[in-house]
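I have placed the structure first, in the form of structure tokens, so that the comments after it can refer back to it.
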């Protein structure tokens, strides 16, 4: 443990976040996501929900301001499904951690999987909410 | 995720618990414990407290009934310190998971470190309570 | 050994089942299957038959309910061959472990091999029945 | 699978048995034995009992005829315990596989552990009988 | 050394033969074959000729009876070359080890190389006869 | 790069600092120190001086308040040498980063080497000042 | 440290520069470059700016005189941006280290990334200037 | 060192030459060749010139007599350049080591690089002559 | 295969013999020797007898002339056993390969094992003669 | 190859020299020295003599001026042997590379071996002179 580093950021996760550069992406995956299968680099966070991790990560992680949407969500499969409540939680966390507005784009499930394969890393959480998977694209400092 | 397996038990931790045999010991260490330094095998559980992990582990893990005390705590350094409150939490968890009484012995800090070096594994949690380190000795089935 | 974990589930197999996510597949292969050749990840279960392993696995493993058939068998080569008796055994095991009906689809031998190459893992058993190979697709919890 | 090789002998176990030389020892350990902790080389045989493995191994494995007892058992802890029934099973298997009489010596539990540490390999079975651990010393051909 | 296992079968070779499944192929290559270059898995047998190894291997190795020819030879480069004498040796060994007739097909040199690249393993012998390379396809038991 | 993390803290160094626990020690070594020889874990910081690294490390790193002196310097070889000026720099940096007084003990050169061998990590800088090596003992949070 | 070797050249960097041959390229990347993601071989130089490293490298490193431009810069995204000031610094360093004129070509950002993927190595600095990434192509001696 | 083995053949180089088979190629590269970048297997011979190594290698290495030219040189870039003098040295060495005439073919620089990528090994010498790179194709014994 | 290298010397064995220096020892072990257990470096030569290997090795390998006996045999256990016939074979091979007389010393079995543990390498043959194990100490060139 | 780096210094050797610190030792060993056996880190320089390497190394390598003799030679075995001529070569090289006088101490053969075991690295040359082994102790810059 170090001063000023949240305890849910493991040493391996911190190292991963630091190594990432402009345009690299990280997936924070829910408990059912095939993370071990798709990840180029896998960081486990068993037993954790996504919102608490997202908070800790955004404390350090600059989002990419060069693209229209530095945050990507997995689209609901049925278009008449209502908006997943966890997306609002994400919105609030993003607003709290950035002094500018952040757009979240949506991506179809299979496309989301392909994108996850190319991400720098995938964090495997135990989040149980539906449509909770989220991709962050790193910006510059 | 699997049916009936608590989400705070990571795949690596489950494998470790299964590989252990009669008399092997596992340390559940708090956030300040030098776990990475002392561990023969290290299992990280960053961001987690010990009581929740202890519950999940004891659901599967048989304690050794061949020894006077299958559970070991780190002794308070000053003998006039009052009993750490987390020990009572442990007591309650142990009672809930076993239908017989479990003794918890105490061990001086430096001896505790030596014993941790020989343990089969050390779990590095982020528990912040004082005197929260705990060693479990595995029994038979 | 742990309380509540069948002894024919090895630590490595349990870890593998836990790491799999939604849509990942596992092949339980018979004794003549070229498992070592095709597997991305190989889990050996020498000396075991498939039905006993299938029972133990399904105790933990959720099948995918998002697809028409979460279970795949290798098609008999000659269409006039009679239905392999072990398929009925599988049917019964699947019914006992799920409270909803499970469809088993059939796949031509060479296609089955290609699919096995992409599976998350292959379990190499010593099952001696004909047409006993079986693929399970993991669902969500 | 090969012609004439029992299916409960895994490729890794066969390789191990072949590599051993005169005087090298192998432990066939029961399900509660701390095999993973003590083994210089670990061979897993989850889900198997010892007698069936012993039969298959002795089909290939020459016992050492240069020592008084090429087979070692773990002594019962209380001397008034009756002789473990599985020892008679072992006796019968040993007689069936050798055309000369084989002595089985007994060794105190802690000494047995020390000896297991120096063995060439330990096979981790799921045998549930008491006092079932057995050490074989390899002879010459 | 084990009872009943020929001494020219190394532990690594035995493990390899056991791991192979239905349809997997093994190349027994002569001393000039680019084995180290082409092999996915290389098993060295320096100083050995092919016929003696072939005998030992066929004692355990079932040939594939599902294909027209489970044995493949490298075609002579000039069609007017006479039949390499070692092929008759192979024929005799194959007859002695199987109670049914085994066909040996021939394959052009460059095609043979491509096939060797996909074989499960290549055994590098020191055989000095011309056109002595031979591929065996594994069958079922 | 992350928000709030100094750029002279490499990802590997941050991971190392996070993994350390109560009582673990880290050596910040000058350019002539035999760091590669003595280190259990080596972290290179070529081209950097020690004071700038010390500042960045102390921003995160809690010093041990359970011991008389959580900071150790290498004693001057000749006792009549004057106090190395860099020690005053260290004193100032330590004061700026802690709101309580920090004692720095001195240790004879060969003893210092022995202690460095047991440290959790050694950072190899290019510091050119004399007697600049410094050991930090980690405290609790 | 060695006589005549600048301290900001780490042992690993020197080894890398020595291993490179005619036509091989090295990228000196700024602090936001996705170096860890793109590099075939990554050399970290956290906390360092590019000009100081460039000076030290060019002291040893011959530039390719067989191509029109042995140095490549990342083009400004908006063509009306003014010339990045660090390019002049580079120009001066290149002039000081070579007794012939060196051309610097510019490359569009995405093309630059593709080229970086094929480079022999990428050095990850903490340079904070805009458009500071630079590729050097090695010449002959 | 062994009797009859030249001292400029390192153990690793001898092992490499022995492992090569009919048709496999080895590149003896000059000091500026991008050997480390292109080599599937790299053998370093820093400080050595090519002619002395070529002599030692040809003492053991049979050239391929099945192809028109078992030796390949890198073509001069300008066709009006005169024949590089080291080629005559090579010619003489080849004549001294073989009792039949050896043809040396020439290959354009970029094609030569592609071929080097597929060679079994590349030896990185410090040869300073121009156009000194040479490829040998192994024959049979 | 190379010109002038016997085919029973594998690439790995040749490399090993070349790496050895003055005073280093190699054990040529019979088929029952616990070679895999005792060897710091193991070289397998399954299916081979010792005399043929000894011949090939001595063609290259200088024996140590600085010690009374550069060759060591394992003493017969019973002193009234007659001299093992293979020793005379060794004597003859040694005479044929050296133009000076070579002494062979004998060493008690357990001492021989200890010495084998410290040898540079052990060659595991399938020699079936009694008391055939032999140690060679390397000399200078 | 780099400007100003002698070609007989391999990339690995340069990296090794740079990593060494004050008091670390490197052995430059002759062709018969048991370098591979004794070395903690082995750097091969097959085909090279020691004087040429010594020259190149001393161009960069500072000798330790804190000890009476930073250079150690292996004592002649017979005290009446005359001084090995290569020692005078070493003396001259040392004088040419340092502007102060360097003492060379002598050490008995077995002690020399023990010291070599603890050296940071051993360079295995093919030097054929007697008593040519030499140890250098690194100083400070």
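Can you confirm whether residue G:65 is surrounded by fewer than 16 Cβ atoms within 10 Å (Cβ to Cβ), assigned to a loop (DSSP other than H, G, I, E, B) and touching a residue at least 40 places away in the same chain (Cβ under 8 Å)?
Against the criterion (surrounded by fewer than 16 Cβ atoms within 10 Å (Cβ to Cβ), assigned to a loop (DSSP other than H, G, I, E, B) and touching a residue at least 40 places away in the same chain (Cβ under 8 Å)), residue G:65 qualifies.
Of all residues in the stretch G:68-90, which are away from every other protein chain (no Cβ under 11 Å) and surrounded by fewer than 13 Cβ atoms within 10 Å (Cβ to Cβ)?
G:68, G:78, G:79, G:80, G:81, G:82, G:83, G:85, G:88
Return yes when residue F:77 is free of Cβ contacts under 8 Å to residues at least 60 places away in the same chain and part of a loop (DSSP other than H, G, I, E, B) and no when it is not.
yes
State all residues of the stretch H:110-121 that are outside any loop (DSSP other than H, G, I, E, B) and in contact with a helix residue (DSSP H, G or I) (Cβ under 7 Å, 6 or more places away or on another chain); if no residue qualifies, say none.
H:113, H:116, H:117, H:121
Select from the stretch E:14-50 the residues that are within 13 Å of chain I (Cβ to nearest Cβ), farther than 23 Å from residue H:137 by Cα and either in contact with a helix residue (DSSP H, G or I) (Cβ under 7 Å, 6 or more places away or on another chain) or in a loop (DSSP other than H, G, I, E, B) (or both) and list them in ascending order.
E:14, E:15, E:43, E:45, E:47, E:48, E:49, listed by residue number.
What's the total number of residues in the stretch F:122-140 that are outside any strand (DSSP E or B) and touching a strand residue (DSSP E or B) at 6+ places or on another chain (Cβ under 9 Å)?
Qualifying residue count, the stretch F:122-140: 6.
Which condition number in (1) modelled with pLDDT of 95 or more; (2) surrounded by fewer than 18 Cβ atoms within 10 Å (Cβ to Cβ) is the one that residue I:93 fails?
For residue I:93, the exception is condition (2).
Would you pick out the residues in the stretch A:71-85 that are farther than 9 Å from residue A:105 by Cβ and under 14 Å from the mean Cα position of the chain (by Cα)?
A:74 - this is the single residue of the stretch A:71-85 that is farther than 9 Å from residue A:105 by Cβ and under 14 Å from the mean Cα position of the chain (by Cα).
Return only the number of the condition from (1) within 13 Å of chain C (Cβ to nearest Cβ); (2) closer than 30 Å to residue I:45 by Cβ; (3) in contact with a strand residue (DSSP E or B) (Cβ under 8 Å, 6 or more places away or on another chain) that residue D:2 does not satisfy.
(3) is the only condition that residue D:2 fails.
Quick one: would you say residue I:53 is assigned to a helix (DSSP H, G or I), at pLDDT 95 or above and surrounded by 20 or more Cβ atoms within 10 Å (Cβ to Cβ)?
Taking the combined requirement at face value, the residue satisfies it.
If you scan the stretch J:112-129, which residues turn out to be closer than 19 Å to residue J:90 by Cβ and away from chain H (no Cβ under 14 Å)?
J:112, J:115, J:116, J:119, J:121, J:122
Just to check your reading of the model, which residue among F:113, F:90 is touching a strand residue (DSSP E or B) at 6+ places or on another chain (Cβ under 8 Å) and closer than 15 Å to residue F:30 by Cα?
Of F:113, F:90, the one residue that is touching a strand residue (DSSP E or B) at 6+ places or on another chain (Cβ under 8 Å) and closer than 15 Å to residue F:30 by Cα is F:90.
Consider residue I:34 carefully, then state whether it is within 30 Å of residue I:3 (Cα to Cα) and surrounded by 13 or more Cβ atoms within 10 Å (Cβ to Cβ).
So residue I:34 does not fit the description; no.
Residue-wise test of (1) in contact with a helix residue (DSSP H, G or I) (Cβ under 7 Å, 6 or more places away or on another chain); (2) surrounded by 22 or more Cβ atoms within 10 Å (Cβ to Cβ); (3) without any contact (Cβ under 8 Å) to a residue 60 or more places away in the chain.
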| site | (1), (2), (3) |
| --- | --- |
| F:100 | no, no, yes |
| F:105 | no, no, yes |
| F:108 | no, no, yes |
| F:129 | yes, no, no |
| F:141 | no, no, no |
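Just the residues that are at pLDDT below 90 and in a helix (DSSP H, G or I), please, taken from the stretch F:97-109.
Residue satisfying the conditions is F:97 alone.
The values are calculated or read from the model by the stated rules, or taken from the named source; none is laboratory data. Everything numeric here is computed off the predicted structure, so don't read it as measured data. Cβ sites come from the backbone with ideal geometry, for glycine too, and all protein chains shown count toward neighbours.
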